[in-house]
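The values are calculated or read from the model by the stated rules, or taken from the named source; none is laboratory data. On a predicted model such as this, the values are computed, not experimentally measured, just so you know. Heads up, the Cβs are rebuilt from the backbone with ideal geometry, glycines too, and the neighbour counts pull from every protein chain shown.
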Amino acid sequence: MIEESLLKSNFVGRDGFIWWVGQVAPEKAQGDQVNGAGWGNRRKVRIMGYHPFSTLELEDEDLPWAQVLLPSTGGSGKGNKATTISLSPGDNVFGFFLDGDDAQLPVIMGVFGNTLYAGSDEYSSPFVPFTGYTSKVKNDGAAHPKNETNEENSQSQKSPRHVSPKLAKQIGENERAVSRMVGETVVFGSASPTATISKITSEVDSMVNAIGDLKGSLQIPSDAVGAVKGKMDKLLSDKTDKIAGLASGLVGNMTNGLYKGMAPALNGGLNALYDKVFATTFAATKSRGTAKQAGAAAQAAMMLPVQAVQNFLPCAVGNVISSIGDAVKGLLRGIMDNVQNFVSCIGEQFVAGLMNQIIGGLTKGLGPLMGGVSKILGGFSLGGFLRSKAEGLMAITNALSCNDTTPDFDAPTNEWVIGKGPKSAVGVAVDSILAAANAADKLTESLVGGIQDLSVASGSLGVFDFLNPSVSVPSMGDSLGKCYSGPPLKCAGLKVNIFGSSGKGAIGKAIVGSIIGQGNTAAGSIIGVDLVSGGSGYNSPPFIEITDECKKGYGAIARAVIDYDEDSPTYQQVTDIYIVSEGENYPVPEDQGVEPFVPDHVIPINPGENYDDDTVVTDQWDNVYPVYIDDDGRIVKVSVPDSAVANISTNPNGIDELPELKIASRTGFGAILKLALKPRPSYQGEIKQVIDCVS
Amino acid sequence: MAERPASKQNWQQREYINFGPKFRIDMGNPQMGMNGTTTYDLLAVADDGNTSAVGMTDAGLYHIYNDQCIDIIGGEKADSGCCVNIVGRNGDITITAQSNGDVKITAKNITIDADKNITLDAGSDIKLKAGNRIDLESNIANCDALVGNLAPRDISFGGLVFSGTKIGLDAAQGLKTRGIV
């Protein structure tokens, strides 16, 4: 037996190692092996030099099965340890023959990575590269870009990004958003008096964005246009319902305020009525008792008309909301048709339009009932009252007595951008809303009739800019104000919003570095924030939001540091703002000075622990920073060496990329240090004379 | 669009495992997102295009996105105690039904425990209904309503309108009967 095996030569390990390179055959040739009824891990393989280039000479189905050798980390299946093989048709594989020269028992040992230069067409003939997608393994590229390469480059297997779908499209055709929700603004629940208006404007903003995406989809074959329009109509309907629902609160507040305002007027009217009837009756009868009875009877006669007015109250909100639905839809359709870019004045005008609708709804609902109480109304006008008191009636302002609940439980910021973080609220521009509402009312010239006639069909809604088809044209003629809502005309504005804490007054200027392009197209990353003012009153670090007018930049994340030391002169001030993520594509501010930026100081974000005297801190320009470590091994201070400023200052551009400090230590861990930048002080001239004031 | 130059993106750190077109793990992807670059992502897409993504960005935001519904179920084998625990160490916890949905909470007993204030703010109606009893307990309790049987006479609409008028007792009784004051 032993001798027999010794004589055997075509046996692996006894007669050389015959290796080969081949191609995994198409799906059809793999039969049930890939459809859940296979045996072992096998693939049909066409092997170069052994199998012909033509299927006429050898059908794919007649190729030999090659066993697939698994890596030791893959698991054989024993003990439930297993990993599926990841071979696709068209893969170029490498292996050996178990039976040596007989070449009937191939084994696949590995696979060559696919490159961009290899084709990904459908299968045509043996050894010609073809796609690994099959009838059962498909990718239309909608969620994850189609890609059949495995290379060490940035284009291989691109993943969806954490950006909005709109931004993904702008970045490149192979970019996808990780979720359609990313970039959407969420307005949190709040009892804040202005929350309803914020929610309404946020809904309009989100609709404009969604419509922008859908309108982009209209560049599709005509047979698909209907589906897109259907989506637009559904969006319009959903937003109408949502906004009409949100408007309930406004209607409720205005109704409540109206009745509370009307009651004293009616009361005064009743008293005046009594006086009048009393005087008339007394003059006629000379009887005080008769006159009293007549006056009281006159007042009592008003009970039913007053009751009719009162009975409208419980139904007012529902009646008004149901009556303004079409008008809200009309306003939204105007925005949908004309507005390309949501700007705050569009939101203000929309709320103004909504307010006019509510005023119109209330006056129309109550109008017929007011005839019954006209005798005691005096000069009270529903429309006039609502319009003059609109600010208070919408609960935009809310005077609180000491017993009222203070609204200090609102979130530091009430808006959140999905996938990004807290958003600074623009605030509710009450004056602008009221001005737009009143201006629109004047243009319609008639309160009840005019407002109620504000239907799209009548065309009178055109008083609002967003109903003007030219609102997105730079040279638009304005009716209520210059509320241009096309693409931004200038993109160089960059803002650092500091918000969401108790303090105020902190101001920072973003520093753009890693600049690509020139002139108007110059853009880069945020490499620092120059803190202009620390403000005051911050009892927790505020949020930092870096935005540009064109919404081009993305990904810059910064955080604030405040001073908690009560004995410090900068107590409760913002002392630093450091960059967590530099982002990209931010326009270069026009006011970014010509002076280059140089290191100012090191911000110890986290002192870490267990550092020793061997700790060395350097930047990417190899400058060494002196480190001060306390007895507990924490980094308590890091100084900027003169050499760092000097070395970098000699560079005409100063620091033009995000500075990074590297900590080398055998023992320490956890410290995080950031380098704050400042504009290099301007040159003060040559030293002419040194005066020694001591001696 | 001006992406950062490749030399300023850390591709050396990126690693991925793609299990086909439906699922992948991506780690250290330096492509910029709205909250910085990607620390890791578990990305999935179903046959009908529904996607889910779970992961974290380098600026520290952990996210769970899902196109369809999300189930979070705990406690199948727990006998008692807390089986689903949501804790925000600092900052707010917010729940928002964004589009057209409601927020519903159901339990044997429900406790809302605020260190300071509780506000219920509804655009339209609030209804409190108890099978047995409703107790209000406070140092101060006010009702500011224009109509209804809780509306105090002196601040109700009818009360305000007819305050100080000369309508007789019988007529006033009529007002009350009619629910005007």
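Looking only at residues in the stretch B:150-169 that are at the interface with another protein chain (Cβ under 7 Å from one of its Cβ atoms) and either touching a strand residue (DSSP E or B) at 6+ places or on another chain (Cβ under 8 Å) or of a type in the set (Val, Ile, Thr) (or both), which one is surrounded by the most Cβ atoms within 10 Å (Cβ to Cβ)? So the residue we want is B:161.
Checking B:114, B:78, B:53 one by one, the residue that is within 10 Å of chain A (Cβ to nearest Cβ) and surrounded by 10 or more Cβ atoms within 10 Å (Cβ to Cβ) is B:53 and no other.
From the list A:187, A:204, A:182, pick out the single residue that is facing chain B (nearest Cβ under 7 Å) and in contact (Cβ under 8 Å) with a residue 12 or more places away in the chain.
Values: A:187 fails: facing chain B (nearest Cβ under 7 Å); A:204 fails: facing chain B (nearest Cβ under 7 Å).
When all the criteria are applied, what remains is A:182.
In the stretch A:341-382, how many residues are of a type outside the set (Gly, Ala, Ser) and either on the phi > 0 side of the Ramachandran plot or not in a helix (DSSP H, G or I) (or both)? If you could, list the steps in order and put the result at the bottom.
Of all residues in the stretch A:341-382, those of a type outside the set (Gly, Ala, Ser) come to A:341-343, A:345-346, A:348-351, A:354-359, A:362-364, A:366, A:368-370, A:373, A:375-377, A:380, A:382.
Filter once more, keeping what is either on the phi > 0 side of the Ramachandran plot or not in a helix (DSSP H, G or I) (or both): A:341-343, A:380.
Counting residues in the stretch A:341-382 that are of a type outside the set (Gly, Ala, Ser) and either on the phi > 0 side of the Ramachandran plot or not in a helix (DSSP H, G or I) (or both) gives 4.
Entry remark, the stretch A:493-513: residues being farther than 20 Å from residue A:677 by Cβ and more than 20 Å from the chain's Cα centre (by Cα) number 5 in total.
Within the stretch A:594-602, identify whether any single residue is assigned to a loop (DSSP other than H, G, I, E, B) and either crowded, with 19+ Cβ neighbours inside 10 Å or β-branched (Val, Ile, Thr) (or both), and answer yes or no. Please lay out each step first, then the result.
Pass one, the stretch A:594-602, residues assigned to a loop (DSSP other than H, G, I, E, B): A:594-596.
Still in the list and also either crowded, with 19+ Cβ neighbours inside 10 Å or β-branched (Val, Ile, Thr) (or both): A:594.
Looking for residues that are assigned to a loop (DSSP other than H, G, I, E, B) and either crowded, with 19+ Cβ neighbours inside 10 Å or β-branched (Val, Ile, Thr) (or both), one finds at least one in the stretch A:594-602, hence yes.
Considering A:116, A:70, A:98, A:63, the condition of being modelled with pLDDT under 95 and in contact with a strand residue (DSSP E or B) (Cβ under 7 Å, 6 or more places away or on another chain) is satisfied by A:98 alone.
Of everything in the stretch A:505-522, what is β-branched (Val, Ile, Thr) and farther than 14 Å from residue A:659 by Cα? Give them in sequence order. Give the derivation first.
As a first pass, look at the stretch A:505-522 and keep what is β-branched (Val, Ile, Thr): A:507, A:511-512, A:515-516, A:521.
Answer for the stretch A:505-522, where residues must be β-branched (Val, Ile, Thr) and farther than 14 Å from residue A:659 by Cα: A:507, A:515, A:516, A:521.
Just to check your reading of the model, which residue among B:97, B:59 is assigned to a loop (DSSP other than H, G, I, E, B), surrounded by 10 or more Cβ atoms within 10 Å (Cβ to Cβ), in contact with a strand residue (DSSP E or B) (Cβ under 6 Å, 6 or more places away or on another chain) and within 13 Å of another protein chain (Cβ to nearest Cβ)? I'd like the intermediate steps shown before the answer.
Working: B:97 fails: in contact with a strand residue (DSSP E or B) (Cβ under 6 Å, 6 or more places away or on another chain).
B:59 is the lone residue from the list that is assigned to a loop (DSSP other than H, G, I, E, B), surrounded by 10 or more Cβ atoms within 10 Å (Cβ to Cβ), in contact with a strand residue (DSSP E or B) (Cβ under 6 Å, 6 or more places away or on another chain) and within 13 Å of another protein chain (Cβ to nearest Cβ).
Evaluation of residue A:551 against the conditions (1) within 14 Å of chain B (Cβ to nearest Cβ); (2) surrounded by fewer than 20 Cβ atoms within 10 Å (Cβ to Cβ); (3) assigned to a strand (DSSP E or B); (4) not small (Gly, Ala, Ser) shows that the sole unmet condition is (3).
Of A:514, A:533, which residue is on the phi > 0 side of the Ramachandran plot, in contact with a strand residue (DSSP E or B) (Cβ under 8 Å, 6 or more places away or on another chain) and in contact (Cβ under 8 Å) with a residue 12 or more places away in the chain? Before you say what the answer is, go through the steps one by one.
Numbers: A:533 fails: on the phi > 0 side of the Ramachandran plot.
Going through A:514, A:533 in turn, just one is on the phi > 0 side of the Ramachandran plot, in contact with a strand residue (DSSP E or B) (Cβ under 8 Å, 6 or more places away or on another chain) and in contact (Cβ under 8 Å) with a residue 12 or more places away in the chain: A:514.
The residues in the stretch A:531-543 that are within 16 Å of residue A:589 (Cβ to Cβ) and buried (at least 21 other Cβ atoms within 10 Å of the Cβ) can be counted, and the count is 1.
Residues of the stretch B:29-55 that are farther than 17 Å from residue A:558 by Cα and in a strand (DSSP E or B): B:39, B:40, B:41, B:42, B:43, B:44, B:45, B:51, B:52, B:53, B:54, B:55.
Mind checking which residues of the stretch A:530-548 are assigned to a strand (DSSP E or B) and either among the charged types (D, E, K, R) or over 22 Å from the mean Cα position of the chain (by Cα) (or both)? Steps first, answer last, please.
Initially, the stretch A:530-548 is screened for residues assigned to a strand (DSSP E or B), giving A:530-536, A:543-548.
Of everything in the stretch A:530-548, those that are assigned to a strand (DSSP E or B) and either among the charged types (D, E, K, R) or over 22 Å from the mean Cα position of the chain (by Cα) (or both) turn out to be A:530, A:531, A:532, A:533, A:534, A:535, A:536, A:545, A:548.
Residues in the stretch A:294-325 that are farther than 30 Å from residue A:242 by Cα, in contact (Cβ under 8 Å) with a residue 60 or more places away in the chain and at the interface with chain B (Cβ under 8 Å from one of its Cβ atoms): 1 in all.
In this structure, residue B:4 does not satisfy being surrounded by fewer than 10 Cβ atoms within 10 Å (Cβ to Cβ) and either among the charged types (D, E, K, R) or at the interface with chain A (Cβ under 10 Å from one of its Cβ atoms) (or both). Say whether the condition of being over 19 Å from residue A:139 (Cβ atoms), loosely packed, with under 14 Cβ neighbours inside 10 Å, at the interface with chain A (Cβ under 8 Å from one of its Cβ atoms) and small (Gly, Ala, Ser) is met by at least one residue in the stretch B:27-42. Scanning the stretch B:27-42, I find no residue that is over 19 Å from residue A:139 (Cβ atoms), loosely packed, with under 14 Cβ neighbours inside 10 Å, at the interface with chain A (Cβ under 8 Å from one of its Cβ atoms) and small (Gly, Ala, Ser), so the answer is no. Scanning the stretch A:271-293 for residues being at the interface with chain B (Cβ under 8 Å from one of its Cβ atoms), over 30 Å from residue A:256 (Cα atoms) and either buried (at least 19 other Cβ atoms within 10 Å of the Cβ) or not basic (Lys, Arg) (or both) gives a total of 0.
If residue A:48 passes every condition in (1) within 30 Å of residue B:23 (Cα to Cα); (2) touching a residue at least 12 places away in the same chain (Cβ under 8 Å) but one, which one does it miss? Checking residue A:48 against (1) within 30 Å of residue B:23 (Cα to Cα); (2) touching a residue at least 12 places away in the same chain (Cβ under 8 Å), the one that fails is (1). Just one of the listed residues (A:143, A:195) is within 10 Å of chain B (Cβ to nearest Cβ), among the small types (Gly, Ala, Ser) and in contact with a Ser or Thr (Cβ under 8 Å, 6 or more places away or on another chain), namely A:143.
Can you spot a residue in the stretch A:608-618 that is at pLDDT below 95 and crowded, with 19+ Cβ neighbours inside 10 Å? The answer is no, given that none of the residues of the stretch A:608-618 is at pLDDT below 95 and crowded, with 19+ Cβ neighbours inside 10 Å.
When the residues of the stretch A:66-82 are filtered to those that are surrounded by 10 or more Cβ atoms within 10 Å (Cβ to Cβ) and farther than 24 Å from residue A:20 by Cβ, the one that is farthest from the chain's Cα centre (by Cα) is A:77.
Residue A:108 meets all of the listed conditions (1) in contact (Cβ under 8 Å) with a residue 60 or more places away in the chain; (2) away from chain B (no Cβ under 14 Å); (3) in contact with a strand residue (DSSP E or B) (Cβ under 8 Å, 6 or more places away or on another chain); (4) in a loop (DSSP other than H, G, I, E, B) but one, namely (4).
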